[in-house]
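Asker: Pasting a structure below so you can have a look.
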Amino acid sequence: MDWGEWEQIKTEATERQPAQMQLNRVDEGPGASGGAADLVVNKDDLGAVGHEAYVLYGRLSRDGDHARPATFNAAIALTNGGFTSGSELLKVHDRWNKQLRTLLDACARISNHLDYTKSTHAKNDADIGGNLLSVSKISEYFK
């Protein structure tokens, strides 16, 4: 294979590759620090899910505990009145509280995890872009 054939093969391979797959350079883009990001996380989608988890957390905190005091008081009154349903109602009360706390914890974890994921991906994009930029600068000297 001579040099001309090699250059032709490289050109054909480059034409077949989508632009996002070119790892040998970093394009300068609007608002880019050191280059355009090839790995993109749609932060709007993550933000929307995280926001909904946050909203659900707030609503559950407020509305999920609405019947707790009345249920507890009814359970105590039934138990003090000699009704066996009082202790069963207290079990329902306790189970509801446990499930509510579990759901609140899950919503908080989702919201916090998505915030963490967004910031981690942004940091990774910046690191990768910086690494690719430094490699592309070095590659310029070998041309």
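Asker: Starting from the 7 Å offset along Cα-to-Cβ, what nm value, one decimal, do you get for the label separation of F83 and A106?
Answerer: With each label point 7 Å from Cα toward Cβ, the separation is 3.2 nm.
Asker: Can you tally the net charge around D65? Count Lys and Arg as +1, Asp and Glu as -1, for every other residue whose Cβ sits under 12 Å from the Cβ of D65.
Answerer: Working: positive: R59, R62, R68, R101; negative: D63.
My count for the surroundings of D65 gives +3.
Asker: Taking only protein heavy atoms into account and a 1.4 Å probe, give the accessible area per residue of region 45-84 in Å².
Answerer: Numbers: 2840 Å² over 40 residues.
Value for region 45-84: 71 Å² per residue.
Asker: Apply 1/(1 + (r/R0)^6) to the Cβ-Cβ distance of T117 and A13, taking R0 = 35 Å, and write down the FRET efficiency to the nearest 0.05. Intermediate values should be presented prior to the final figure.
Answerer: Working: r = 34 Å, r/R0 = 0.97.
Efficiency for this residue pair is about 0.55.
The values are calculated or read from the model by the stated rules, or taken from the named source; none is laboratory data. This is a predicted model, so every value here is computed, not measured. So basically every Cβ, Gly included, is an ideal-geometry build from the backbone, and we count neighbours across all protein chains shown. Ligands, DNA and RNA are excluded from the accessible area calculation, which covers all protein heavy atoms including side chains. Shrake-Rupley method; radii C 1.70, N 1.55, O 1.52, S 1.80 Å.
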